[in-house]
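Each value in this text was obtained by applying a stated rule to the coordinates, not by laboratory testing. Since the model is a prediction, treat every value here as computed from it, not as a measurement. Please note: Cβ atoms are built from the backbone with ideal geometry, for glycine as well, and neighbour counts cover all protein chains shown.
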Ligand code: GLU
């Protein structure tokens, strides 16, 4: 059995998108499971579009996801360099080999020549293919023109008939008629290879055994196979991963919400949750289990179980999964996750970490993401500036609201100690005396203390907030209600 060597080969022209991250993850899982090597290669020969910050971002994204590589631009390795821009000599060597063997040729057709060919094709209503004019040039003619300084690209001599079959591990044999292809360009006039040529030379010379990449490359693969054959290279196995589509089955784009790894990182998603979600986006063991840790995934992963049909991107499912991982975090790690934002907002400092922790423990199960959790924590650290509108109508609008809150204010002001159990007892007792339901006291109080209609248990919340904050917020709510009656139903909220 040959050594398993796989690679992730991003072009650094933008952020690491979830599609790319999934490709990297499947390669990584496969390598780790098989005891193989996972290689990172930066494909930066599109000099106009490649950017160093994008390469950096991709590297950071992969590291954040915990997808470590065995060979790559930063750590080197025996078959480098691992950046295409540093591999010019290697490409030139193989280009020359193809020219020498007559499997490729220089083409001097000018953009105007090609434009003319294109127009003719359009007139005759056929798909455009390069007509092959320079295929017939003799080597002496070509070198004369080169010497005269005429710009030239290099084209591959593609077989004029027959088929090229891509044996795909996920979708079986996919056949392409060679008549579809023209003698395509393998090196541009600046001497640098095109993507298809560079990728073949790299995959061969880095001894890649399996190419697992996005379905959008499937149409490139027959061209690459033609290059493998022209060079006499051993071919790797191929697997093309199905697309990730938006919920409406359109192409996934920014308008569908966060799609880059960096965005999820910024929003405080947990890398483990994102990895788990991406793993199941197009791969399934048939077991009805959603939460997999890395070891389990590595054990179970197999190319046979990768889906042929497109995967549907579901941010809600991802948030749910993130919530599952948040629930499993111990309080220290959860505090660490929240700390940078909490400090920035002035919610956390050296003196209040106990208070902060109590608040977090109380609301943690109400949030699926870090940002939701921060949102749920707001009223512990900031005064209530607004009351939920529906809540105002329901709980502050009624005549008795002010009576209820006055009762609560009195209870709260007279409490000696301030525990949830004692508060509950006091509320229940007062409700009995007044012959009302405890809920009549509870609902307006919740709104007064938090501005919201849904919170964790009111008495626990009061215990954490403490007597002082409870008193001042109840007083403030009473003023608000008094203004409500003067301002009418729209209230002083407006
Ligand atoms: N550089 C290509 C891309 O970012 C991937 C090439 C490959 O995987 O063969 O789409």
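Arrange 411, 39 by Cβ neighbour counts within 10 Å, fewest through most, would you?
Least crowded to most crowded, the residues run 411, 39.
Shape verdict for the range 1-86, please, from the Cα gyration tensor: rounded (a/c under 1.5), prolate (a/b greater than b/c) or oblate.
Note, shape of the range 1-86 comes out oblate.
Using only the C-alpha atoms of the range 80-168, find the volume of their convex hull and express it per residue in Å³.
178 Å³
Considering only the chain, what is the antiparallel percent among its DSSP beta bridges, to the nearest 5?
55 percent
Provide the gained length on full extension for the span residue 305 to residue 262, in nm with one decimal, where the gain is 0.36 nm per separating residue minus the Cα-Cα distance.
Contour length minus Cα-Cα distance gives 12.7 nm.
Across all directions of projection, what mean area in square nanometres is found for the Cα convex hull of the range 342-403?
The orientation-averaged projected area of the Cα hull of the range 342-403 comes to 5.8 nm².
Any chance you could list the semi-axes, whole Å, largest first, of the equivalent ellipsoid that the Cα gyration tensor gives for the range 357-459, using √(5λ)?
Over the Cα atoms of the range 357-459, the ellipsoid semi-axes are 25, 17, 11 Å.
Under 20 Å from a point placed 7 Å out from the Cα of residue 403 along the Cα-to-Cβ direction: which residues of the range 440-458 have their backbone N that close?
440-448
In what sequence do 228, 105 fall when counting other Cβ within 10 Å, fewest first?
Lowest to highest Cβ neighbour count: 228, 105.
Along the Cα-to-Cβ line of residue 365, 7 Å from the Cα, sits a label point; which residues in the range 276-298 have backbone N less than 20 Å from it?
291
Compute the FRET efficiency between residue 351 and residue 435 as 1/(1 + (r/R0)^6), taking r as their Cβ-Cβ distance and R0 = 41 Å, and round to the nearest 0.05.
Efficiency for this residue pair is about 0.40.
If you rank 415, 326 by fewest surrounding Cβ atoms within 10 Å, what's the result?
Taking fewest neighbouring Cβ atoms as first place, the list is 415, 326.
Which value in Å is the Kirkwood Rh of the range 147-280 over different Cα pairs?
Over the range 147-280, the inverse of the mean reciprocal pair distance is 17.7 Å.
Please report the orientation-averaged projected area of the range 150-213, defined via the convex hull of its C-alpha atoms, in nm².
The directionally averaged projection comes out at 5.6 nm².
If you wrap a convex hull around the Cα atoms of the range 236-369, how much volume per residue is inside, in Å³?
That works out to 149 Å³ per residue.
Return an integer: the convex hull volume of the alpha-carbon atoms of the range 124-175, in Å³ per residue.
Output value, Cα hull per residue: 163 Å³.
Taking 0.36 nm per residue of separation and subtracting the Cα-Cα distance, what length does fully extending residue 112 through residue 143 add?
9.0 nm
Based only on Cα atoms, what mean projected area does the convex hull of the chain have, in nm²?
Computed as one quarter of the Cα hull surface, the answer is 33.0 nm².
Once you have the Cα-Cα distance between residue 161 and residue 394, take 0.36 nm times their residue separation minus that, and quote the gain in nm to one decimal.
Here the answer is 76.2 nm.
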